[in-house]
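Novice: Let me give you the structure first, and then I'll get to my questions.
The values are calculated or read from the model by the stated rules, or taken from the named source; none is laboratory data. Since we're looking at a predicted model, the values are computed, not measured. We place every Cβ from the backbone using ideal geometry, glycine too, and count neighbours over all the protein chains shown.
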Amino acid sequence: MDNRLIEPLALLHGPAARQAVETGAARWLAGGPHAFALARLSGGGEGGRIVPVTAIPPGWADVAEQVSAPLPDAGLPPGAQVMGIINVTPDSFSDGGRHYDAREALDSIQRMYAAGCRLVDIGGESTRPGAPPVPVEEEWRRIGPVITALRECSALDDMRISVDTRQAMVMDRALRAGADLINDVSALTYDPLARAVVARHDCPVVLMHMRGTPATMSQHTVYQDVAVDVTRELRQRVADAVAAGIARARILVDPGIGFAKTLSGNLELLARLPLLANLGCRVLLGVSRKRMIGEICHEPDAARRDPGTIAASLPGLIFSGTVLRVHNVPAMTQALRVRQGLDRS
């Protein structure tokens, strides 16, 4: 597989970006609104050399075009989106047990909807570090009633449903019950039947980067260059999905903050998110209330990490259509609207 990557550097925004692109001094990053004036070349015989965009080698023109091309919407509403988290579990690290009853889960979804959210992610298996797997039937017993209740609520008929699962059977049942999107932390590698299910339903799918499993991922945190390695490994997952019949335009990628990464690795990934433009897929970013934030802020209570969540989520808006997966929808929506106002200024 091609290992060439262009890392966009010297980012510009607003009138400066437009002027630089018009004069040829910069290129758009994933169609805008940001542009980049420098590029770090990795792979293809290059050892991380930094060049002006005007000096990108001719043999790298296809890579440069990929990095500059607008990202597909992946079958979801355009523009940045806030995805609300609904954990129908007794043991999730932040809100375990809160949505264990379908009625309580629906009440939370209605509050998210009132705050402007149009995309919720429903999960029945905790993927916190060290979490054991959940039997398939138990996972479906947890989330099935929530999907049914949501689809029967006419006031929420434009709410998109994502299902956070690694199990092909759960994916199939959820999509048949009215779910719109599959979000798989294993990038469709855990269950050998998963890719076929997603391909058959022709639905959007999130491929997240992780090494190992939630139970073993802490043993796989060594990288040569975490941002480059994660991007290349996600590229392989995307290629595998496409080979299985899943349309590339339906794929979103998630760098997997907190999954098989150290604190320093997580921070470096967030600082170098523009590398993901090489994949040509819409981006989902999930940092909500994670241990990384607790370590930085010395906050052991996950429910008190929402300010840190907002700060860690905003780098994702380097792309115009990023999906921000969070627990506190009103706070993130408010921050997103302010950021969008600044972007338009």
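Novice: Identify, from the list Ala187, Ala115, Ala174, the residue that is surrounded by fewer than 24 Cβ atoms within 10 Å (Cβ to Cβ) and either in contact (Cβ under 8 Å) with a residue 12 or more places away in the chain or outside the structural domain of Pro330 (by TED's automatic domain parsing) (or both).
Specialist: Ala115 is the lone residue from the list that is surrounded by fewer than 24 Cβ atoms within 10 Å (Cβ to Cβ) and either in contact (Cβ under 8 Å) with a residue 12 or more places away in the chain or outside the structural domain of Pro330 (by TED's automatic domain parsing) (or both).
Matching residues to (1) at pLDDT 95 or above; (2) outside any loop (DSSP other than H, G, I, E, B); (3) surrounded by 22 or more Cβ atoms within 10 Å (Cβ to Cβ); (4) among the basic types (Lys, Arg):
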position: Asn3; (1), (2), (3), (4): no, no, no, no
position: Ile6; (1), (2), (3), (4): yes, yes, yes, no
position: Leu9; (1), (2), (3), (4): yes, yes, no, no
position: Ala20; (1), (2), (3), (4): yes, yes, no, no
position: Ala30; (1), (2), (3), (4): yes, no, yes, no
position: Arg40; (1), (2), (3), (4): yes, yes, no, yes
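Novice: If you don't mind, another one. Taking the condition of being farther than 15 Å from Pro70 by Cα and of a type outside the set (Val, Ile, Thr), how many residues in region 273-289 meet it?
Specialist: 6
Novice: Within region 124-132, can one find any residue that is assigned to a loop (DSSP other than H, G, I, E, B), small (Gly, Ala, Ser) and at pLDDT below 80?
Specialist: Yes, that holds for at least one residue.
Okay, residues lined up against (1) touching a Lys or Arg at 6+ places or on another chain (Cβ under 6 Å); (2) at pLDDT 95 or above; (3) more than 23 Å from Asn87 (Cα to Cα):
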position	(1), (2), (3)
Ala244	yes, yes, yes
Arg250	no, yes, yes
Ser264	no, yes, yes
Arg272	no, yes, yes
Asn278	no, yes, yes
Val287	no, yes, no
Gln334	no, yes, no
Arg339	no, no, yes
Leu342	no, no, yes
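Novice: Testing Ala55 on (1) of a type outside the set (Val, Ile, Thr); (2) out of contact with any strand residue (DSSP E or B) (no Cβ under 7 Å at 6 or more places or on another chain); (3) surrounded by 13 or more Cβ atoms within 10 Å (Cβ to Cβ), one condition comes back false. Which one is that?
Specialist: (3)
Novice: Would you check which residues across region 143-162 are surrounded by 23 or more Cβ atoms within 10 Å (Cβ to Cβ) and either touching a residue at least 40 places away in the same chain (Cβ under 8 Å) or among the basic types (Lys, Arg) (or both) and list them?
Specialist: Ile143, Val146, Leu150, Ile161, Ser162
Novice: Another question, then. Starting from residues that are in contact with a Leu (Cβ under 8 Å, 6 or more places away or on another chain) and not in a helix (DSSP H, G or I), keep the ones in region 321-345 and report whichever is farthest from Gly32 (Cα to Cα).
Specialist: Arg325
Novice: Now for a separate question. Say whether the condition of being outside the structural domain of Arg40 (by TED's automatic domain parsing), under 23 Å from His327 (Cα atoms) and not in a strand (DSSP E or B) is met by at least one residue in region 232-249.
Specialist: No, there is no match, as no residue in region 232-249 is outside the structural domain of Arg40 (by TED's automatic domain parsing), under 23 Å from His327 (Cα atoms) and not in a strand (DSSP E or B).
Novice: Could you pull out the residue among Asp172, Asp164 that is under 25 Å from Arg237 (Cα atoms), within 17 Å of the chain's Cα centre (by Cα) and not polar (S, T, N, Q)?
Specialist: Just a single option satisfies the conditions, and that option is Asp164.
Novice: Just to verify a result, which residue in region 289-302, among those that are surrounded by fewer than 21 Cβ atoms within 10 Å (Cβ to Cβ) and either modelled with pLDDT under 95 or not β-branched (Val, Ile, Thr) (or both), is nearest to the chain's Cα centre (by Cα)?
Specialist: Across region 289-302, the extreme among qualifying residues is Arg291.
Novice: Here's a follow-up. Which one of Val63, Val51 is within 24 Å of the chain's Cα centre (by Cα) and not acidic (Asp, Glu)?
Specialist: Val63
Novice: Report, by residue number, each residue of region 303-328 that is more than 20 Å from the chain's Cα centre (by Cα) and either buried (at least 21 other Cβ atoms within 10 Å of the Cβ) or not aliphatic (A, V, I, L, M) (or both).
Specialist: Arg304
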